[in-house]
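Asks: Have a look at this one.
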2 protein chains.
Amino acid sequence: MLDSAPPTDISAWFDSFARHLAARDIDGLLELFTEDCYWRDIVAFTWNVKTLEGKPAIRAMLEATLVSTTPSAFTITNTTQRSGVLEAWFDFETGVGRGQGIARFDDGRCRTILTTLQALKGHEEAIGASRPLGVRHGADRNRRTWTERRAAEEAELGSTRQPYCLIIGGGQGGIMLGARLKQLGVPAIIVERNAKAGDSWRNRYRSLVLHDPVWYDHLPYIPFPPHWPVFTPKDKMGDWLESYVKLMELNYWTGTEAVSARYDAAERRWTVELLRDGEPVTLKPAQLIFATGAYGPPRFIDLPGAGDFEGQILHSSQYSDGSRYKGKRVVVIGAASSGHDICVDLWEAGADVTMVQRSPTTVVRSETLMDLAFDIYSEAAVEAGIDVDKADLIAAATPFALQPPAQRALYEKIRARDADFYRRLEASGFLLDFGEDETGLMMKAYRTGSGYYVDVGASELIISGEIKVKAGVPIERLTPAGIRFADGTEIPADVIIQSTGFQSMHEMVAKIVDRETADAVGPCWGLGSGMRGDPGPWHGELRNMYKPTAQEALWFQGGNLALSRFFSKFLALQLKARYEGLDTPVYSPPLQ
Amino acid sequence: MLDSAPPTDISAWFDSFARHLAARDIDGLLELFTEDCYWRDIVAFTWNVKTLEGKPAIRAMLEATLVSTTPSAFTITNTTQRSGVLEAWFDFETGVGRGQGIARFDDGRCRTILTTLQALKGHEEAIGASRPLGVRHGADRNRRTWTERRAAEEAELGSTRQPYCLIIGGGQGGIMLGARLKQLGVPAIIVERNAKAGDSWRNRYRSLVLHDPVWYDHLPYIPFPPHWPVFTPKDKMGDWLESYVKLMELNYWTGTEAVSARYDAAERRWTVELLRDGEPVTLKPAQLIFATGAYGPPRFIDLPGAGDFEGQILHSSQYSDGSRYKGKRVVVIGAASSGHDICVDLWEAGADVTMVQRSPTTVVRSETLMDLAFDIYSEAAVEAGIDVDKADLIAAATPFALQPPAQRALYEKIRARDADFYRRLEASGFLLDFGEDETGLMMKAYRTGSGYYVDVGASELIISGEIKVKAGVPIERLTPAGIRFADGTEIPADVIIQSTGFQSMHEMVAKIVDRETADAVGPCWGLGSGMRGDPGPWHGELRNMYKPTAQEALWFQGGNLALSRFFSKFLALQLKARYEGLDTPVYSPPLQ
């Protein structure tokens, strides 16, 4: 609801906008936009996640989609100034759904517009006033209680009744998508390798604590309570996810591994071979969703001479607890988040620790990030009426293409504020950067998902020399006693930990479906920025995530808690529309 | 925050009120009240739960408490009209705490005032902006992770470290109190006989579903999510409680029975003997809280000739599932909620069912109750900004003494609306009443905790004769084949189910402490209304619940979810104050 009437010119703008859309007068409509305009659509117009950059791209999108979308009923719900820019929130309808959007203005014309699908008409979630009754009153000799219906669902789904969706991976991404689908009435099974929901967090290293604050991490439907810690410890997160799976009544198969999957295009069904508690099970879902983690399988780098090395080599994903390394000489290869955390954990356990840094890292102090970057995800924001759903929409309203300048400005502030910290860190020999274009942590996260560290303690240990750093010198080979570098130096080691990240999620497709399909689909994540690790062409959105891919009925879900939360809604709506047999014409122009 | 300024006369009233309190001018203060005035205080002035009725009682309370309470800083936070009565919400402070209250006015003077303690200064809950960080940033060789600290707490509490509070009974009442104490940092252990948290719900009869709606049933800290059903099925409730115990990190001992307890007044400690998984354990808590259910142990009535009866006799608490009684003749003795529910369950299972009604029952259709009685606990209320905490305070602002007239008016409406239903129900022979003073279900609940049924289906089966009723005729004796009544009739039976309620909670005190203490403390629950089952003298509050009793360091917690939620806060604050060694002078005048 509006606290006060919107500015007259904004009302007039929306009147024109709606009139031109209704008349399919695209020329007239484009007059309402600035020259360097952007239209980000999430499933409302395009049945895709797309940012159209500039008038020709917007024109092409509207020409292709207006007839089927039939947008209408635009209503301004709020107007506000954000960082000096006039912002209008609006609701609208399409032929099949209800949407919500944000438009931002520059001198009376629209520079960016976000349109999102929020619900499918006639298929709304049963929440609030329309929540289920929980019981059928009256007498009924065929009554099935909630317990009996739930038990029947668990027994039947995947046995006498096929799920519509199969989600591979029961971490946060799979769980949140599963919860959305459950609320939309789409039969889904989540399969998880581990013994319990939450184990993907529990199994990580002992000292792991979320680096993002609680206000950014909420799951849908059951938000974290007000006493929840700012930074959730890993096992507490595991417990939350485990309870969430139970309380949301998800069909969640633990101890289950996906072995192979093949798609029958004629039948429009997958055949997926699974091992459930070691027993083979075949499922025939219509849709297959990979939610196997923000990244893919562990990435090992090639270490010449590894066979000679007499110590132990492991990957960071296998590391849990430093106590067994007390007094040992441990070399950690890798200088991103896990590398830093593991070095601290080892140091705290009394190991002799060296970090091998192969390329520069973006480092930001946690406190600084909290003060400057999480303004819309904070207690203050909540008190100002910006709940997590509103914050998500505000964040989504800025197209990826416009984020680098804003991020660059943010990092100028950060570097000024923490100049002394950065000077001392560089003096230790540590290689610092803020991305090739000085845009910092968040853009690195979107582009490559790696190469950064939110400092919660490691940097001061590096500065003081408690954690030694060997930076920027290539590894020549392992020797029986350690690592020899290209500069002729050698670091003795009892243990080498490869904190070298994970492969792209599409490697899981290669493993479970086949290499051909994986190659056709291409890599996940990254924007096509042309920066290191994120080759072009430019996509303007995260590659392959949360939207149709080159392989029919194959989808990807993942990312941190915030991205999993936000996009699980739209991925669930895309799946629901297909489940209900709605027409879902995907607009997918050649890349820009 | 106030949407608009309070009416001038209300501002002036509060100015006078605060000035007279500060000056301890009780004569002047009483001028501000109507002749038939009420002051309900929950722990703020009296360290007790007390309603002072009339000016002499209020005068006596203020004379006794003002010096130690030092109330100040009265601030109006909202004014509103409720049912034609002007109502003002206010915050205030005492020497040790922060409070909240509601005053209602009649022609410029206050008729009822509620004062409640909401927090102890310097001991506020760590929520919202003051929530814990969850991790200590920086490097720390003595770091204990969250998991390690939590494991240590579980290992130490009750072993090397004594709990300050021991809560006997891990149902909803014990759990909510445990959660409040946890958030206040008071070491507490909850002991529960069953194998899992939530089993006290799971173990009840198959078709049990809460009769109160979700908006009335929230637990503190983690409210039910928006998709939660209106009426929670028993096993789903069990799952929620089980997750709640885990997520709130309660020290909850399952499979544990309290065997005996004795208080050492000199040492000010209890010695409690427990059996934990069959092994004896001794605890020495400072405070002992009975939370063994809204009522006490099952109540069996004396059935002459029971030894002759060749069928099965059981109590409703032992009944789970009707399926084993298919085709059998079952007589259910008792016509309150469980009696009705069990009759339906049996009928649905195909049993031949007769209900023996020994005294009249208050029946209200669930739909009618939802429409007319749960107005402040509803989706509409939530949308109007009345969350569960506000609703609780609104409900608490009406003293018990003033509830009968309002309830009588409500039941006049209900009886008019459902006149046809009631006519048909009485025509079946069923004995209907609305309490001795026509005040209906809620007053019966407060006075005796029994004698009513929220109709969710049984009544139509009674009307149609599918469930037979034998009403108002005393049982003479059991025969080998059934029940013979005083009117000479006999009903054959294979099974007799005593749905005859539970004993007062203070019987648990007799069992675990001793009869002398139980008798000194007296019965729990009931208002002393003088109505059947609730002997005088008039208390004006629920006897012994949530407040100091005649036995030092012995407390009672219980009631439905709503009462457990609301009063757990105030009981926890009373315990916290004692834990911190604050002065807690209990005002407890002789009964009125």
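The values are calculated or read from the model by the stated rules, or taken from the named source; none is laboratory data. Since we're looking at a predicted model, the values are computed, not measured. Note that we place each Cβ from the backbone using ideal geometry, even for glycine, and neighbour counts take in every protein chain shown. When the accessible area is computed, the model is the full protein with side chains, heavy atoms only, and any ligands, DNA or RNA have been set aside. Shrake-Rupley method; radii C 1.70, N 1.55, O 1.52, S 1.80 Å.
Asks: Taking the condition away from chain A (no Cβ under 14 Å) and open to solvent by 50 Å² or more (accessible area, probe 1.4 Å), does B:R447 pass?
Replies: On the way: away from chain A (no Cβ under 14 Å): yes; open to solvent by 50 Å² or more (accessible area, probe 1.4 Å): no.
The answer is no for B:R447.
Asks: Let me ask something else. Could you tell me how many of the residues in segment B:173-206 are assigned to a helix (DSSP H, G or I) and in contact with an Asp or Glu (Cβ under 6 Å, 6 or more places away or on another chain)?
Replies: 2
Asks: For segment B:17-53, give me each residue that is of a type outside the set (A, V, I, L, M) and under 26 Å from the mean Cα position of the chain (by Cα). Lay out the reasoning, then the answer.
Replies: From segment B:17-53, those of a type outside the set (A, V, I, L, M) are B:17, B:19-20, B:24-25, B:27-28, B:31, B:33-41, B:45-48, B:50-51, B:53; that's our starting set.
Residues satisfying the conditions are B:C37, B:Y38, B:W39, B:R40, B:D41, B:F45, B:T46, B:W47, B:N48, B:K50, B:T51, B:E53.
Asks: Okay, moving on. Select from segment A:207-258 the residues that are acidic (D, E) and not in a helix (DSSP H, G or I) and write down the one among them that is nearest to the other protein chains (Cβ to nearest Cβ).
Replies: Here is the first cut: in segment A:207-258, the residues acidic (D, E) are A:212, A:217, A:235, A:239, A:242, A:249, A:257.
With the extra rule that they be not in a helix (DSSP H, G or I), the set shrinks to A:212, A:249, A:257.
Numbers: A:D212: 11, A:E249: 8, A:E257: 27 Å.
So, considering only residues that are acidic (D, E) and not in a helix (DSSP H, G or I), the one nearest to the other protein chains (Cβ to nearest Cβ) is A:E249.
Asks: Now a separate question. Would you mind telling me which numbered condition in (1) in contact with a Pro (Cβ under 6 Å, 6 or more places away or on another chain); (2) of a type in the set (A, V, I, L, M); (3) at pLDDT below 95 A:I76 fails?
Replies: (3)
Here is a yes/no grid of residues against (1) of a type in the set (S, T, N, Q); (2) surrounded by fewer than 20 Cβ atoms within 10 Å (Cβ to Cβ):
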{"position": "B:V85", "(1), (2)": "no, yes"}
{"position": "B:E93", "(1), (2)": "no, yes"}
{"position": "B:R98", "(1), (2)": "no, yes"}
{"position": "B:F105", "(1), (2)": "no, no"}
{"position": "B:G108", "(1), (2)": "no, yes"}
{"position": "B:L114", "(1), (2)": "no, no"}
{"position": "B:Q118", "(1), (2)": "yes, no"}
{"position": "B:E124", "(1), (2)": "no, yes"}
{"position": "B:S130", "(1), (2)": "yes, yes"}
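Asks: Say whether the condition of being in contact with a strand residue (DSSP E or B) (Cβ under 9 Å, 6 or more places away or on another chain), among the basic types (K, R) and more than 28 Å from A:I475 (Cβ to Cβ) is met by at least one residue in segment A:365-377.
Replies: Yes, segment A:365-377 has at least one match.
Listed here are the residues, each with its yes/no results for (1) free of Cβ contacts under 8 Å to residues at least 60 places away in the same chain; (2) more than 14 Å from chain B (Cβ to nearest Cβ); (3) surrounded by 13 or more Cβ atoms within 10 Å (Cβ to Cβ).
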site	(1), (2), (3)
A:T147	yes, no, yes
A:T160	yes, yes, no
A:C165	no, yes, yes
A:Q172	no, yes, yes
A:M176	no, no, yes
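Asks: Select from segment B:450-471 the residues that are among the β-branched types (V, I, T) and within 14 Å of chain A (Cβ to nearest Cβ) and write down the one among them that is surrounded by the fewest Cβ atoms within 10 Å (Cβ to Cβ).
Replies: Applying the first criterion (among the β-branched types (V, I, T)) to segment B:450-471 yields B:454, B:456, B:462-463, B:467, B:469.
Filter once more, keeping what is within 14 Å of chain A (Cβ to nearest Cβ): B:454, B:456, B:462-463, B:467.
Values: B:V454: 24, B:V456: 22, B:I462: 27, B:I463: 18, B:I467: 25.
Out of the qualifying residues, it is B:I463.
Asks: Suppose the filter is more than 9 Å from chain A (Cβ to nearest Cβ), open to solvent by 30 Å² or more (accessible area, probe 1.4 Å) and within 24 Å of the chain's Cα centre (by Cα); does B:T282 pass it?
Replies: no
Asks: Among all residue pairs at least 6 apart or on different chains, which show Cβ distances below 7 Å where the first residue, located in segment A:363-386, is more than 9 Å from every other protein chain (Cβ to nearest Cβ) and closer than 23 Å to A:G451 by Cα and the second is open to solvent by 50 Å² or more (accessible area, probe 1.4 Å) and at pLDDT 95 or above?
Replies: Pairs found: A:T368/A:R417; A:L372/A:K413.
Conditions tested, residue by residue: (1) within 29 Å of A:D264 (Cβ to Cβ); (2) touching a strand residue (DSSP E or B) at 6+ places or on another chain (Cβ under 6 Å); (3) among the basic types (K, R); (4) in contact (Cβ under 8 Å) with a residue 12 or more places away in the chain.
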site	(1), (2), (3), (4)
A:S450	no, no, no, yes
A:H506	yes, no, no, yes
A:R515	yes, no, yes, no
A:W525	yes, no, no, yes
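Asks: Within segment B:565-584, is there a residue that is modelled with pLDDT under 95 and of a type outside the set (S, T, Y)? Working first, answer last.
Replies: Going residue by residue through segment B:565-584, those that are modelled with pLDDT under 95 are none.
Looking for residues that are modelled with pLDDT under 95 and of a type outside the set (S, T, Y), one finds none in segment B:565-584, hence no.
Asks: Let me ask you something else. Which condition number in (1) modelled with pLDDT of 95 or more; (2) more than 11 Å from chain B (Cβ to nearest Cβ) is the one that A:G84 fails?
Replies: With (1) modelled with pLDDT of 95 or more; (2) more than 11 Å from chain B (Cβ to nearest Cβ) applied to A:G84, the lone miss is (1).
Asks: Which is away from every other protein chain (no Cβ under 14 Å), of a type in the set (A, V, I, L, M, F, W, C), open to solvent by 40 Å² or more (accessible area, probe 1.4 Å) and under 19 Å from the mean Cα position of the chain (by Cα), of B:A395, B:A391? Before you say what the answer is, go through the steps one by one.
Replies: Numbers: B:A391 fails: open to solvent by 40 Å² or more (accessible area, probe 1.4 Å).
Only one candidate passes the filter, namely B:A395.
Asks: Can you name every residue in segment B:472-498 that is buried (at least 18 other Cβ atoms within 10 Å of the Cβ) and under 20 Å from B:R299 (Cα atoms)?
Replies: B:I475, B:L478, B:I483, B:V495, B:I496, B:I497, B:Q498
Asks: Here's something else I'd like to know. Please specify each residue of segment B:125-145 satisfying the condition of being of a type outside the set (G, A, S), at the interface with chain A (Cβ under 7 Å from one of its Cβ atoms) and either free of Cβ contacts under 8 Å to residues at least 24 places away in the same chain or not in a loop (DSSP other than H, G, I, E, B) (or both).
Replies: Passing the criteria: B:R131, B:P132, B:L133, B:V135, B:H137, B:D140, B:R141, B:R143, B:T145.
Asks: Just checking, how many residues over segment A:299-350 are away from chain B (no Cβ under 14 Å) and touching a helix residue (DSSP H, G or I) at 6+ places or on another chain (Cβ under 6 Å)?
Replies: Result for segment A:299-350: 5.
Asks: All but one of (1) open to solvent by 10 Å² or more (accessible area, probe 1.4 Å); (2) in contact with a helix residue (DSSP H, G or I) (Cβ under 7 Å, 6 or more places away or on another chain); (3) at pLDDT 95 or above hold for B:A416, so report the exception by its number.
Replies: Here B:A416 clears every test but (2).
Asks: I'd like the full set of residues that are open to solvent by 50 Å² or more (accessible area, probe 1.4 Å) and charged (D, E, K, R), limited to segment A:349-383.
Replies: If the condition is that a residue be open to solvent by 50 Å² or more (accessible area, probe 1.4 Å) and charged (D, E, K, R), then A:D352, A:R358, A:R365, A:E367, A:D371, A:D375, A:E383 are the ones that fit.
Asks: Scan segment A:509-524 residue by residue and report those that are farther than 30 Å from A:C343 by Cβ and open to solvent by 40 Å² or more (accessible area, probe 1.4 Å).
Replies: Start the filter on segment A:509-524 by keeping residues that are farther than 30 Å from A:C343 by Cβ, which leaves A:509-522.
A:K511, A:D514, A:R515, A:E516, A:D519, A:A520 - these are the residues of segment A:509-524 that are farther than 30 Å from A:C343 by Cβ and open to solvent by 40 Å² or more (accessible area, probe 1.4 Å).
Asks: Regarding segment B:499-508, can at least one residue be identified that is part of a strand (DSSP E or B), buried (at least 19 other Cβ atoms within 10 Å of the Cβ) and charged (D, E, K, R)?
Replies: Residues of segment B:499-508 part of a strand (DSSP E or B): B:502.
Going one step further and asking which of them are buried (at least 19 other Cβ atoms within 10 Å of the Cβ), we end up with B:502.
With charged (D, E, K, R) added as a condition, the list becomes none.
No - not one qualifying residue is present in segment B:499-508.
Asks: Could you identify the single residue in A:G95, A:G101, A:G122 that is at pLDDT 95 or above, away from chain B (no Cβ under 14 Å), touching a Ser or Thr at 6+ places or on another chain (Cβ under 6 Å) and assigned to a loop (DSSP other than H, G, I, E, B)? Reasoning before the result, please.
Replies: On the way: A:G101 fails: assigned to a loop (DSSP other than H, G, I, E, B); A:G122 fails: touching a Ser or Thr at 6+ places or on another chain (Cβ under 6 Å).
Exactly one of A:G95, A:G101, A:G122 is at pLDDT 95 or above, away from chain B (no Cβ under 14 Å), touching a Ser or Thr at 6+ places or on another chain (Cβ under 6 Å) and assigned to a loop (DSSP other than H, G, I, E, B), namely A:G95.
Asks: Looking only at residues in segment B:6-19 that are free of Cβ contacts under 8 Å to residues at least 60 places away in the same chain and open to solvent by 40 Å² or more (accessible area, probe 1.4 Å), which one is farthest from B:A64 (Cα to Cα)?
Replies: B:T8
Asks: Then there is this: Which condition does B:V186 not pass, out of (1) in contact with a helix residue (DSSP H, G or I) (Cβ under 9 Å, 6 or more places away or on another chain); (2) open to solvent by 40 Å² or more (accessible area, probe 1.4 Å), if it passes all the others?
Replies: Every listed condition holds for B:V186 apart from (2).
Asks: Something else: Being assigned to a loop (DSSP other than H, G, I, E, B) and under 14 Å from B:F17 (Cβ atoms) is the filter here; which residues of segment B:107-119 pass it? Steps first, answer last, please.
Replies: Going through segment B:107-119, the residues assigned to a loop (DSSP other than H, G, I, E, B) turn out to be B:107-108.
The one that is assigned to a loop (DSSP other than H, G, I, E, B) and under 14 Å from B:F17 (Cβ atoms): B:G108.
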